[in-house]
């Protein structure tokens with residue numbers, strides 16, 4: 001019998017094995033595998049040519065741990081938004097300028113509010129400075145704040 005387990009998200013082959021037979025316990029053990037590339041547990045399991053998709057159920061204790069981590073990331077994201085808004089208020093910018101910046105930063109702010117700090121960083125890195133409110137120095141400062149939170153080297 002041949003067993004193949006592939007990540008449905010990125011297509012990476014996680015396990016390829018051949019045995020005379022696979023027990024249900026063998027297959028259940030393989031289901032705990034996570035993709036090393038993206039951490040997903042959305043797996044495609046093929047046993048002797050028959051393919052099934054499998055997404056494991058998350059246990060309630062693990063779910064509450066993840067919810068706690070996300071709540072912390074959301075709190076952090078909201079504190080960054082508050083800091084940026086306070087700096088803008090103290091900067092005395094016009095309502096027109098602030099509306100433009102708000103439109104420009106909508107994607108970054110949405111990611112911060114949901115606790116998606118990595119996505120917020122990616123979106124921030126894609127921004128071009130406007131030279132007035134979104135300066136190179138400010139982009140660098142906030143990029144460094146997010147990188148520090150994520151435990152990444154600062155740029």
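Table: residues versus (1) surrounded by 14 or more Cβ atoms within 10 Å (Cβ to Cβ); (2) out of contact with any helix residue (DSSP H, G or I) (no Cβ under 6 Å at 6 or more places or on another chain); (3) closer than 18 Å to residue 74 by Cβ; (4) at pLDDT below 95.
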residue	(1), (2), (3), (4)
97	yes, yes, no, yes
106	no, yes, yes, no
111	yes, no, yes, yes
116	yes, yes, yes, yes
119	yes, no, yes, yes
136	no, yes, no, no
144	yes, yes, no, no
152	no, yes, no, yes
Count of residues meeting criterion [touching a residue at least 12 places away in the same chain (Cβ under 8 Å) and on the phi > 0 side of the Ramachandran plot] in the stretch 72-124: 1
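The values are calculated or read from the model by the stated rules, or taken from the named source; none is laboratory data. Fair warning: this is a prediction, and the values are worked out from it, not measured in the lab. So basically every Cβ, Gly included, is an ideal-geometry build from the backbone, and we count neighbours across all protein chains shown.
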